[in-house]
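Worksheet: the structure to be examined is printed underneath.
The values are calculated or read from the model by the stated rules, or taken from the named source; none is laboratory data. Everything numeric in this text was worked out from a predicted model, so none of it was measured. Methodologically, a virtual Cβ is constructed for each residue, glycine included, from the backbone with ideal geometry; neighbour enumeration extends over all protein chains shown.
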Amino acid sequence: MAAGLGSRFGGVKQLARVGPDGEAIIDFSVADAVAAGFGRIAVIVRSDIEADVREHLGGRHAHRDVEWVYVRQDDLGPPRAKPWGTAHAILSAASAIDGPFAVINADDYYGPSSYELAAECLERVGPGLAANVAFEIGQTVPPSGSVTRGVTQVDDGWLVAIVETEACERLTDGRYSAGGAIVPGDTPVSMNLWCFHPAILDGLTERWLAFQERAAGDPKAECQLPTVVGELMADKRLRVEVVRSGEQWIGITNPEDLELTRAALATR
C-alpha cells in the first residue's frame, strides 16, 4: 500500500532514500518478499505519484523475476484528495488478487524473517481464516518520544482485538509503557502485515459500501483495515491467527524519523 499522502512527513515518503545505496524502504520490502517466495507484487498508488513509483521500482528491480501490477487507489470510489483508507486500498487492488495474499505498508520495514512467516501463514489461510504478523512493542518504539501502536489482545494464538493505543514509549529505566500502563517489551502490536484469502474481499466490499454511505461527506474519514477486520471478527465471520516476528520494525512518519531510519538500515 503506497498511496498515502504523507501529510505529517511532508512529501512522498514512500520513495524517501534511507538505505546505504539510496534505497527506499519499499526496495528492502521487495527484496525480502521475493527472497521469501513471493512472485507477484501489486503496488497500490495514487495517480499523481504512479509514474515516479514505477520509474523507481522499475529501475531498481528490473533484474528480479517477479510480476508487477500497479493499481491506482483513486480509481475506486468517489474522488477526493485524501485516500479512503487501508481497507479501501485492498479493494482497489481486487483485480490483481487471485490467491492468498499478504498486505504491507510501503513505508514500513518488516525484516526478512517477517516475510518468511507471512509466506508460511498464506499456506494456512482460507475463507474465514486470516493471519497477522505481529511485532514486539519494544522493537517498534523509538529511543525517545511516544507513538501510537495497535496493541493486540491475543488468546491462545488468536486475535481478540487490536486497540489503537497512544503514548507507547520506552521509559528511561528501560521499561515500556502503552497508554500509561507498564507492559512487557514483547507485547505484540500490529504493524499492518496481514495475510488473507481472497474471500476477505466480500466482507471488505460490504463494509466499504456501508462506510461510504455514512461517511461520504467527511473529507477525512477512512475505511481502515483493522476496523473492518474487527467488525468481521465480531460477526463471527473471521478468525485471525497471530504469529510473532522478532524483527525490528522501522518506519517513517515524521521528517525527524529519517535519520533514525537511515542509521537502522545502514548495515542491512
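In the set Ala167, Ala221, Ala161, which member is aliphatic (A, V, I, L, M), part of a strand (DSSP E or B) and over 24 Å from Gly128 (Cβ atoms)?
Ala167
Go through region 73-112 and count every residue that is more than 17 Å from Ile200 (Cβ to Cβ) and out of contact with any helix residue (DSSP H, G or I) (no Cβ under 9 Å at 6 or more places or on another chain).
3
Among the residues of region 251-261, is there at least one that is part of a helix (DSSP H, G or I), farther than 25 Å from Gly185 by Cβ and in contact with a strand residue (DSSP E or B) (Cβ under 8 Å, 6 or more places away or on another chain)?
no
Kindly list, by first and then second residue, each pair from a residue in region 209-223 that is closer than 15 Å to Pro79 by Cβ and in contact (Cβ under 8 Å) with a residue 12 or more places away in the chain to a residue that is surrounded by fewer than 10 Cβ atoms within 10 Å (Cβ to Cβ) and not hydroxyl-bearing (Ser, Thr, Tyr), limited to pairs with Cβ atoms under 7 Å and residues at least 6 apart or on different chains.
Partner pairs satisfying both residue conditions: Ala216/Pro78.
Of the residues that sit in region 209-253 and are under 20 Å from Met1 (Cα atoms) and of a type in the set (D, E, K, R), which one is modelled with the highest pLDDT?
Checked region 209-253; the qualifying residue modelled with the highest pLDDT is Glu222.
Under 7 Å by Cβ, and 6 or more places apart or on different chains, what pairs join a residue from region 123-141 that is farther than 18 Å from Ala36 by Cα with one that is assigned to a strand (DSSP E or B) and charged (D, E, K, R)?
Hits for this filter: Gly128/Arg239; Leu129/Arg239; Ile137/Arg149; Thr140/Arg149; Val141/Glu169; Val141/Arg170.
How many residues does region 1-45 contain that are of a type in the set (D, E, K, R), touching a Gly at 6+ places or on another chain (Cβ under 9 Å) and at pLDDT below 95?
1
Here's a check for you: in region 141-168, which residue that is over 24 Å from Ala234 (Cβ atoms) and buried (at least 21 other Cβ atoms within 10 Å of the Cβ) is modelled with the highest pLDDT?
Ranking the candidates gives Cys168 first.
Any residue that is buried (at least 17 other Cβ atoms within 10 Å of the Cβ), within 18 Å of the chain's Cα centre (by Cα), part of a loop (DSSP other than H, G, I, E, B) and at pLDDT 95 or above - is there at least one of those in region 180-197?
Initial filter on region 180-197 (buried (at least 17 other Cβ atoms within 10 Å of the Cβ)): 183, 187-197.
Okay, now just the ones that are also within 18 Å of the chain's Cα centre (by Cα), so 188-197.
Now restrict to residues that are part of a loop (DSSP other than H, G, I, E, B): 197.
Pick out the ones that are also at pLDDT 95 or above and you get 197.
Checked against the condition, which is being buried (at least 17 other Cβ atoms within 10 Å of the Cβ), within 18 Å of the chain's Cα centre (by Cα), part of a loop (DSSP other than H, G, I, E, B) and at pLDDT 95 or above, region 180-197 yields at least one hit.
Quick one: in region 162-193, which of the residues that are β-branched (Val, Ile, Thr) and in contact (Cβ under 8 Å) with a residue 12 or more places away in the chain is nearest to Ala87 (Cα to Cα)?
In this case the residue turns out to be Ile162.
Can you pull out the residues in region 212-252 that are β-branched (Val, Ile, Thr) and surrounded by fewer than 19 Cβ atoms within 10 Å (Cβ to Cβ)?
Thr227, Val243, listed by residue number.
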